[in-house]
Amino acid sequence: MRPNTMKALEKSKPEEGLWMVQAPVPEIGADEVLIRINKTGICGTDIHIWNWDEWAAATVPVPMITGHEFAGEIVEIGRNVTGLEIGQRCSGEGHLITTDSRQSRAGKFHLDPGTRGIGVNEQGAFAQYLKLPAFNVVPLPDDVPDEIGAILDPLGNAVHTALSFDLLGEDVLITGAGPIGIMAAAVVRHAGARHVVITDINPDRLKLAEHVVPTVRTVDVSSEELQDVITELGMKEGFDVGLEMSGSQIALDQMVEALVMGGKIALLGIPPGKSPVDWSRIVFKAITIKGVYGREMFETWYKMIAMLQNGLDVSRVITHQMKVDDFADGFAAMKSGRSGKVVLDWT
Ligand code: ZN
């Protein structure tokens, strides 16, 4: 019943592209489970790996099965594993942690400096089977379908970033309308913010933002001034909370400018290198800045599944679903900059 080999999408050689290969089905250890993959999401990280840019070449050993956004079903259980069953639908945290660091021992697993990522440092989820520590498994309730299960990793980034600060009754600015920025807008709206404004310079992404979150105010900052939007919405002094999702220095500058005194910023976007920051402006505005990495284990997962069950709807951020054999089309859609999330079907 357990096959010996499986289809897998692999970085087989240190050059541009990914290749569909036959790979051995992983053997699990005593504390691990084997998951049959149903659906996977393509992440920006996977695009870096496809393109084999400087970061990927320095980080990812080859051969490597890529991918870390997945939903599937448990088909094998290690002998030490309790509380999980064969047939359980699940997603899971793709960050594999150590348990002996200061932060892990404090229960802050997402801050473990020894973290390794599936699909980056360890064999990943773009395959028919994935082995994962049972600790990392997140069971999926029946009302969360596989395509949503396959995007919980990036939704978790959005939720972790969005819930960094109080949102109830606040005015929130999101810079960067990629899929995570758009999902963050949905979360912020769900969490009771007053005005939710999202900026980008890509009209397709802003259109998608409006499609996913009809009540969001989109701003194309190449043609519209944020200050005018602040006036239009009747905000007296500016935004209370900023979520930076673009990695753009210009966007961060605009955000600092548009915040109230004592405003708060959560940073998820990664600037391409060192970038100049006007620190005096940040000091004089008494702004709090928090860097966000990954998802809190497992508070973010708990919250996002609870919100999905309580009406949070991000389904329209998935713009493309296709059979995995058409993966090249999926990557092309991602690279066009005009897609939302792309989900590959492995069944
Ligand atoms: Zn991802």
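The set of residues in the range 73-93 that are small (Gly, Ala, Ser) and more than 16 Å from the ligand (Cβ to nearest atom) comprises 78, 83, 87.
Every test in (1) outside any helix (DSSP H, G or I); (2) surrounded by fewer than 20 Cβ atoms within 10 Å (Cβ to Cβ) is passed by residue 329 save one, and that test is (1). Screening the range 154-175 for residues that are closer than 20 Å to residue 261 by Cα and small (Gly, Ala, Ser) and picking the one that is farthest from the ligand (Cβ to nearest atom) gives 169. Within the range 177-222, which residues are among the small types (Gly, Ala, Ser) and either touching a Pro at 6+ places or on another chain (Cβ under 7 Å) or open to solvent by less than 40 Å² (accessible area, probe 1.4 Å) (or both)? Across the range 177-222, the qualifying residues are 177, 178, 181, 184, 185, 186, 191, 192, 193, 209. Within the range 63-88, the set of residues being outside any loop (DSSP other than H, G, I, E, B) and either outside the structural domain of residue 116 (by TED's automatic domain parsing) or over 17 Å from residue 298 (Cα atoms) (or both) comprises 64, 65, 72, 73, 74, 75, 76, 77. In the condition set (1) open to solvent by 50 Å² or more (accessible area, probe 1.4 Å); (2) in contact with a helix residue (DSSP H, G or I) (Cβ under 8 Å, 6 or more places away or on another chain); (3) modelled with pLDDT of 95 or more, residue 106 is compliant with all but (2). Working only within the range 13-27, note down all residues that are open to solvent by less than 40 Å² (accessible area, probe 1.4 Å) and either more than 16 Å from the ligand (Cβ to nearest atom) or outside any loop (DSSP other than H, G, I, E, B) (or both). 17, 21, 23, 25, 26 - these are the residues of the range 13-27 that are open to solvent by less than 40 Å² (accessible area, probe 1.4 Å) and either more than 16 Å from the ligand (Cβ to nearest atom) or outside any loop (DSSP other than H, G, I, E, B) (or both).
Counting the residues of the range 28-59 that are surrounded by 21 or more Cβ atoms within 10 Å (Cβ to Cβ) and within 16 Å of the ligand (Cβ to nearest atom) gives 11. Looking across the range 223-256, the residues that are open to solvent by 30 Å² or more (accessible area, probe 1.4 Å), of a type in the set (D, E, K, R) and more than 18 Å from residue 192 (Cα to Cα) come down to 224, 225, 228, 232, 236, 237, 253. Residues of the range 254-283 that are in a loop (DSSP other than H, G, I, E, B) and either aliphatic (A, V, I, L, M) or touching a residue at least 12 places away in the same chain (Cβ under 8 Å) (or both): 268, 269, 270, 271, 272, 275, 276, 277, 278. On inspection, residue 324 fails the criterion of being open to solvent by less than 60 Å² (accessible area, probe 1.4 Å), over 25 Å from residue 168 (Cα atoms) and at pLDDT below 95. For residues that are within 14 Å of the ligand (Cβ to nearest atom) and touching a Lys or Arg at 6+ places or on another chain (Cβ under 8 Å), scanning just the range 138-153, find the one that is nearest to residue 292 (Cα to Cα). Of everything passing the filter in the range 138-153, 153 is nearest to residue 292 (Cα to Cα). Going by the structure shown, is residue 96 at negative phi, open to solvent by less than 60 Å² (accessible area, probe 1.4 Å), touching a residue at least 24 places away in the same chain (Cβ under 8 Å) and within 16 Å of the ligand (Cβ to nearest atom)? Against the criterion (at negative phi, open to solvent by less than 60 Å² (accessible area, probe 1.4 Å), touching a residue at least 24 places away in the same chain (Cβ under 8 Å) and within 16 Å of the ligand (Cβ to nearest atom)), residue 96 qualifies.
Residue 231 meets all of the listed conditions (1) over 23 Å from residue 288 (Cα atoms); (2) under 18 Å from the mean Cα position of the chain (by Cα); (3) not aliphatic (A, V, I, L, M) but one, namely (2).
Assessment of the range 131-151 against the conditions (of a type outside the set (Phe, Trp, Tyr), open to solvent by less than 10 Å² (accessible area, probe 1.4 Å) and more than 19 Å from the chain's Cα centre (by Cα)) yields no matching residue.
The values are calculated or read from the model by the stated rules, or taken from the named source; none is laboratory data. Keep in mind the model is a prediction, meaning the values are calculated, not measured. Neighbour counts run over all protein chains shown; Cβ positions are idealised from the backbone, glycine included. We work out accessible area using only protein heavy atoms, side chains counted, and drop any ligands, DNA or RNA first. Shrake-Rupley method; radii C 1.70, N 1.55, O 1.52, S 1.80 Å.
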